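Trainee: Provided herewith is a single structure, encoded as structure tokens, for subsequent inquiry.
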């Protein structure tokens, strides 16, 4: 079994260079990986690192293919 690393919002911001509000906006519009609630009924969320890295790779690929 591989290990899955969870990232909090500050780490997601650092990896993507996006603001907190823009990350949440992209999530709301379903064009960014969705967050994962850490505790049922709680307010703390995290993102799966591999999904964030895949999203970054997809942005690079889109750039290289000339897609916006």
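Laboratory data are not the source of any read-out in this text; all were calculated from the coordinates shown. Please read all numbers here as calculations on a predicted model, not as lab measurements. With ideal geometry, Cβ positions are generated from the backbone for all residues, glycine too; neighbour counts draw on all protein chains shown.
Trainee: So, in Å, what gap is there between the alpha-carbon centers of the stretch 1-21 and the stretch 22-40?
Mentor: When both Cα centres are located, 11 Å separates them.
Trainee: Quick one: among 40, 28, 20, which has the greatest mean-square fluctuation in a GNM of the chain with alpha-carbon springs under 10 angstrom?
Mentor: 40
Trainee: Further question: What is the chain's relative contact order, in percent, from Cα pairs under 8 angstrom and six or more apart in sequence?
Mentor: Reported relative contact order: 34 percent.
Trainee: Next question. Quick check on the exposure proxy: order 17, 35 from fewest to most C-beta atoms within 10 angstrom.
Mentor: Taking fewest neighbouring Cβ atoms as first place, the list is 17, 35.
Trainee: Let me ask you something else. Under 10 Å, Cα contacts only: if you run a Gaussian network model on the chain, which one of 56, 48, 31 comes out with the highest mean-square fluctuation?
Mentor: Between 56, 48, 31, it is 31 that shows the largest mean-square fluctuation.
Trainee: Using R₀ = 30 Å, calculate the FRET efficiency as 1/(1 + (r/R₀)^6) where r is the Cβ-Cβ separation of residue 63 and residue 3; round to 0.05.
Mentor: 0.50
Trainee: What is the fewest-to-most order of 4, 43 by other Cβ atoms lying within 10 Å of their Cβ?
Mentor: Result, fewest neighbours first: 43, 4.
Trainee: Once both labels are modelled 7 Å past Cα along the beta-carbon direction, what's the residue 27-residue 46 spacing in nm?
Mentor: Distance between the two pseudo-spin positions: 1.4 nm.
Trainee: Here's something else I'd like to know. Percentage of Cα-Cα pair distances in the chain greater than 20 Å, rounded to whole percent?
Mentor: Percent of Cα pairs beyond 20 Å in the chain: 30.
Trainee: Using a 10 Å cut-off around each Cβ, can you sort 21, 3 from fewest to most neighbouring Cβ atoms?
Mentor: In increasing order of surrounding Cβ atoms, one gets 3, 21.
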